[in-house]
Each structure stands twice: as structure tokens, then as C-alpha cells.
Amino acid sequence: MSKVLIIGAGAAGMYAAVAAARQGHQVHVYEKNDKAGRKLFITGKGRCNLTNDCDTEELLQAVKSNRKFLYSSFYTHTNQDVIRFFEENGMPVKTERGGRVFPASDHSSDVIRTLERQMSRWKVRLHLGAAAREVLTEDGRLTGLLLEDGRRETGDACIIATGGFSYPLTGSTGDGYRFARETGHSVTDLFPSLVPVEAEEKWVRDLMGLSLRNIELTVKDGKRELYRDFGEMLFTHFGLSGPVVLSATSEVGPRLKKGPLSFHIDLKPALSHEQLDQRILRDFEEQKNRQFKNSLGRLLPSRMIPVAVELSGIPPEKKIHDISREERRQLVRLLKDLTVTAVALRGWSEAIITKGGVSVREVDPATMESKRVKGLYFAGEVLDLDAVTGGFNLQIAWSTAFLAGSSIP
Ligand SMILES: Cc1cc2nc3c(=O)[nH]c(=O)nc-3n(C[C@H](O)[C@H](O)[C@H](O)COP(=O)(O)OP(=O)(O)OC[C@H]3O[C@@H](n4cnc5c(N)ncnc54)[C@H](O)[C@@H]3O)c2cc1C
């Protein structure tokens, strides 16, 4: 039996604790907050999208950084294993659009409660309000932990499960990166990811709160296309947000840090330019004597109309029957390519995840043990791993945590 010290009672820390305790180890979890799972509590808008019910190859495809590293952990502990864990321990789940899995109760607190119950069932000692200050090593081997209050804890193994930098108010303040560096590991550049973007154009702010479904977003660097996807987006007081925009940042975020990118919104992706032109022509024929500004009700949400009218360059009071073919085409181009200049990523306090982290080259993918320090393991967001939205980031936390917890000899 080993004495295992785990830093962080988030998703990865608690899951690793149960896995290690089930192997018969004596497990201690140190959490700096006075509650476990503060970030878990706010996941999925309070409902916790805990995994995605797709096959393992699709899980891997959703991973944006270091996909290959996750091969072992995703195949050793799959999304079905995660679902089984929660269901067998009294928390039924349900699957929604896009394979997103949630607790049947719609309460993230049930995920936390299930983990807490399992920890206590397996006699894990959870120390709340106990921040780790330093990871102690000797001759390339883990020896223990120094806590903020000056106490020293000896141990045979330690799992760093401190999360990343995002939403620092939940306790994830990047301590794990420091522990990694201090014990001889490298940490790659860190970026807020799955994060809203700030826009240059003033009209974007006029649309604050407007959400658009079924749009196609293309992100370009000059003429070069960097990203394209369908989905839902949201205008905010500073720029753009919503699922498709957040997902785009997991691809283009590091590039956007260096300078502006153009976000092209196709408001009518199901129609070609020609089809949209025909559709507008039909609408116009039925309202020939109306003013242009009063003619777009069937085409656009009402809040969007004044902005579209202004950007189209067509005089608002112009009668429909006076609108030229070229003006109509101009309107088609606008609706198929509403362009927003993204100038910056929003900060850590709005980022769903951290892109970058402890270099996976220094960690064994089959056990999550450090290649530099014997007995030291990493799990969850602290590693240089990230995925798109849909339950995939928590699956990374569960799978890597399971592997770490169950690999300790
Ligand atoms: C708003 C929001 C919504 C999200 N929704 C989803 C979703 O629905 N589905 C999904 O898959 N992912 C979602 N995510 C991402 C997901 O929450 C993270 O990927 C996941 O929580 C990472 O787990 P972790 O255990 O590695 O880190 P965390 O959950 O961040 O846990 C780390 C823990 O370590 C503790 N800690 C840090 N430093 C110390 C220290 N020095 N000593 C002691 N304790 C310490 C922290 O207090 C914290 O409790 C969301 C993220 C956010 C911000």
C-alpha cells in the first residue's frame, strides 16, 4: 500500500483519488478551497456536460492538442466507463443533442456529490482549505508536499491535479505549472481557450444579446482560411461569443494573440448566393412599394435589420421597386459574408479552458507518471491537452485521472 497525495479536488483530483483508493492505497486529497469541485459546479451552465457519448475515435478527434498522447488513457478508461461509474454509483445520466451527456437531474452538484460519496466510501481523506505550496523531491523521486500552513506531508506518490488558469475564482490559479517547473518540467505557452473574442466594429455592440442559430462561421487570416464550422453564436457588449465562436478559438486562439483575424458569418448557409438572390427577389416582388428598411422582416431577426440596412449601403427609405440588381446582389453578399474583425481573446476569467500546459513529452502516456520525477503524476487540465466543447474536456480529466490513480504501484 502506498501513501498517495493528490493536489486539487476538482474533476481529475477526485476521480484519481477514487481510482487510487480502490487499488488499496492510502489517499489524501489537498484542496485549497473550502469546498470540492468548485469549477465542476459551474460546468455546462450548472448542468455539467460530463462526457460525450460517441465512439473513442470521435473522442480523440475532438481533442485539439496532443491527441496521440491520449490514446492510452481514452482506450483504457472510455466515456462508457465514465457513464458506468456515475450510473452504478447512483447518478443516472441522459444524452442530449450532439452526444452531450448530463446528469439526469440537470444538476452538476450531483456529479460532485457522487465523487464525494465514492471518496468517503473508499476512505479517501479530503483536506479542505489546504493549499499545497511546494512539491518535494529528492534524487529524482517524489518525497512529499509542503502545505501553505507550513506542514510537511510525506508520500510515496503525488498526483498534480490543479487544473489550469481559466476561471481563477474557482481555485484554478495555475499553481500546478509552478510545481511542474520547480520539479524540472517544461510548461508550454499558455492561452485562454474556448473563450469569447473582442471585435473592432461598433455595430457588433448594437446587437448585444442577439443569438443566431445555424450560421456558418469562417475565420480567415487575410485570404487564408483557418477555421470553418456551423452552429450558434452570440453578440455581446465587446464582440462575439457562443458555441461556434468559442470552438473557433481552440483552433485560432494562439494566432489571434498575434494580430487581428476576420470572422465571416454566413447568415444563410443553406442557400447559395443564387438561391438567396432568388429568395430576396421573391420577397421584394411581394412588397414593391415598401421602403427597404421595412422589407427584411422575413429574412432576418428584427434586431438585426437596422444593422443590415446600414451595412448594405442601400438607402433605408429607398422603395423596393427602385432597388437595382447590383444593390440586391450587395445585400446577398452581406448576408452571406457578414465580416467582423476579431482583435483579441477575452481573458482567463472568461475562458472555459487553458490551451498549453505541462509538456506531455515529459509524461508517460500509459501511466501519467513524470519521466523526470519518479512517483510524480499529472492529471487533467494542468497537462498540455485541450478539446472542443461537448463534454470532451471533462473526459480528458476523467481518463487521465483514472490512469494516474490506477497506475500507482
Ligand atoms: C464555465 C465553465 C464551463 C465548463 N463546462 C464544461 C462542460 O460542460 N463539459 C466539459 O467537459 N468541460 C467543461 N469545462 C471545462 C472543465 O471544467 C475542465 O476541463 C475541468 O474542470 C478540468 O478538471 P481539473 O480537475 O483538471 O481542474 P479543476 O476542475 O480546475 O480542479 C482543480 C482543483 O485544484 C485546486 N487547486 C489548485 N491549486 C491548488 C493548490 N496549490 N493546492 C490545493 N488545491 C489546489 C483548485 O482549487 C481546484 O479545485 C468548463 C469550464 C468552465 C470554466
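The values are calculated or read from the model by the stated rules, or taken from the named source; none is laboratory data. None of these values were measured; they are calculated from a predicted model. Cβ atoms come from the backbone with ideal geometry, glycine included; neighbour counts cover every protein chain shown. The area values use the complete protein model at the heavy-atom level, side chains included, leaving out ligands, DNA and RNA. Shrake-Rupley method; radii C 1.70, N 1.55, O 1.52, S 1.80 Å.
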Exercise for the section: For region 99-112, indicate whether the set of residues that are of a type in the set (Asp, Glu) and within 11 Å of the ligand (Cβ to nearest atom) is non-empty. Expected result: no
Fill in the blank from the handout: Restricting region 142-163 to residues that are exposed (fewer than 13 other Cβ atoms within 10 Å of the Cβ) and touching a strand residue (DSSP E or B) at 6+ places or on another chain (Cβ under 7 Å), the one nearest to Val82 (Cα to Cα) turns out to be Thr154
Practice task
Would you check if Leu212 is closer than 22 Å to Glu251 by Cα and within 9 Å of the ligand (Cβ to nearest atom)?
Solution key: no
Practice task
May I ask you to verify whether Asp149 is at positive phi, in the same structural domain as Lys32 (by TED's automatic domain parsing) and free of Cβ contacts under 8 Å to residues at least 40 places away in the same chain?
Solution key: no
Exercise for the section: Could you tell me whether any residue of region 173-181 is away from the ligand (no atom under 11 Å from the Cβ), within 21 Å of Ser370 (Cα to Cα) and either surrounded by fewer than 21 Cβ atoms within 10 Å (Cβ to Cβ) or in the same structural domain as Cys48 (by TED's automatic domain parsing) (or both)? Expected result: yes
Exercise for the section: Inspect region 112-128 for any residue being over 30 Å from Glu87 (Cα atoms) and open to solvent by less than 20 Å² (accessible area, probe 1.4 Å) and give the result as yes or no. Expected result: no
Exercise for the section: Could you check Leu331 against (1) in contact with a strand residue (DSSP E or B) (Cβ under 7 Å, 6 or more places away or on another chain); (2) surrounded by 17 or more Cβ atoms within 10 Å (Cβ to Cβ) and say which number it fails? Expected result: (1)
Handout entry: Wholly enclosed strands (runs of 3 or more DSSP E) of region 1-68 bearing at least 3 residues surrounded by 24 or more Cβ atoms within 10 Å (Cβ to Cβ)
Key = 3-7, 26-31
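Conditions (1) of a type outside the set (Ser, Thr, Tyr); (2) within 16 Å of the ligand (Cβ to nearest atom); (3) over 23 Å from Ser193 (Cα atoms), marked per residue:
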site	(1), (2), (3)
Glu327	yes, no, yes
Leu335	yes, no, yes
Thr341	no, no, no
Arg346	yes, yes, no
Lys355	yes, yes, no
Asp364	yes, no, yes
Glu369	yes, no, yes
Arg372	yes, no, yes
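If you check Thr339, Thr354, which single one turns out to be modelled with pLDDT of 95 or more, in contact with an Asp or Glu (Cβ under 7 Å, 6 or more places away or on another chain) and among the polar types (S, T, N, Q)? Show your work before the answer.
Numbers: Thr339 fails: in contact with an Asp or Glu (Cβ under 7 Å, 6 or more places away or on another chain).
Answer to the selection: Thr354.
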